[in-house]
Amino acid sequence: MAQQRPSTNGRDDVVEYIPALRAFARIFCRQPEEADDLVQETLMKALANLDKYEPGTKMKSWLFTIMRNTYCTRAKKNKRESVGVDESMVEKLVTQPSQEWSVHAREVQSALESLPVHHREILVLVLMLGETYEDAAEICGCPVGTVKSRLNRARRQLLLALNEPEAQPLDSVDA
């Protein structure tokens with residue numbers, strides 16, 4: 001069994017904290033490659049400035065501070081810099097207008113509100129909240145068959161209200 005020798009220059013101590021630095025980097029970076037880059041840059045800075053480390057203080061805290069500051073500096077720099085785009089691509093970089101989606105969302109909300117309460121309730125429970133037919137039946141106090149019927153009718157009424165081509169007129173029978 002090999003004995004650990006005390007570190008004479010602090011480099012061994014820095015290397016000992018690489019797993020902790022990798023874990024800490026994942027807080028800042030979602031991509032593992034970006035986290036590894038941040039760890040590498042932190043290690044380079046730490047080793048280059050090892051003479052500024054004060055013995056008796058916590059090495060791990062010192063390294064984490066270097067990493068946090070490195071990340072913040074990177075973030076500020078990335079915010080200021082814009083990546084160059086080929087001029088032929090500039091014409092293709094267009095942001096689509098979002099007004100149409102907003103109008104459509106209001107139409108759907110209005111159509112949903114125009115449904116009878118028992119149809120709207122089933123539609124929200126099953127389609128939006130993801131409840132099972134059985135759970136929806138228990139919540140509404142009706143048989144599972146009624147839930148399925150109401151859901152089918154609610155879907156068709158919603159499609160009709162939104163003037164969707166798949167919609168078929170409903171008969172006047174209501175579940």
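Could you tell me the calculated FRET efficiency between S110 and K148, based on Cβ-Cβ distance and R0 = 25 angstrom, to the nearest 0.05? Can you show the working numbers first?
Values: r = 25 Å, r/R0 = 1.02.
Computed FRET efficiency for S110 and K148: 0.45.
Once fully extended, how much extra length lies between D51 and T95, figured as 0.36 nm per residue of separation less the alpha-carbon to alpha-carbon distance?
Working: separation 44, 0.36 × 44 = 15.84 nm, distance 5.05 nm.
Gain on extension, D51 to T95, equals 10.8 nm.
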If you add up the charges near Q40, with Lys and Arg at +1 and Asp and Glu at -1, over every other residue whose beta carbon is less than 11 angstrom from its beta carbon, what do you get? -3
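Evaluated at 37 °C with a viscosity of 0.692 mPa s, what Stokes-Einstein diffusion coefficient in µm²/s does segment 104-161 have when Rh comes from the Kirkwood expression over alpha-carbon pairs?
Numbers: Rh = 11.3 Å.
Answer, rounded: 291 µm²/s.
Within the set of other residues whose C-beta is less than 13 Å from the C-beta of A137, count the net charge using Lys and Arg as +1 and Asp and Glu as -1. Kindly include the intermediate steps, with their values, before the conclusion.
Working: positive: K148, R150; negative: E121, E131, E134, D135, E138.
Summing Lys/Arg as +1 and Asp/Glu as -1 gives -3.
Estimate the FRET efficiency between K58 and E33 by the formula 1/(1 + (r/R0)^6), using the beta-carbon distance for r and 30 Å for R0, to the nearest 0.05. Intermediate values should be presented prior to the final figure.
Numbers: r = 28 Å, r/R0 = 0.95.
That pair, K58 with E33, gives E of 0.60.
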For every other residue with a beta carbon closer than 13 angstrom to the beta carbon of Q99, add +1 if it is Lys or Arg and -1 if Asp or Glu, then tell me the sum. -1
Name the lysines eligible as straight-distance cross-link partners of K60: C-alpha to C-alpha under 23 Å, and not fewer than 8 places from it in the same chain. K45, K52
Could you give the length gained on full extension between V117 and T65, defined as 0.36 nm per residue of separation minus the Cα-Cα distance, in nm? 13.1 nm
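Readers should treat all values here as calculations from the given coordinates under stated rules, not as data from a laboratory. Nothing here was measured: the structure is a model prediction, and the numbers come from that model. Neighbour counts run over all protein chains shown; Cβ positions are idealised from the backbone, glycine included.
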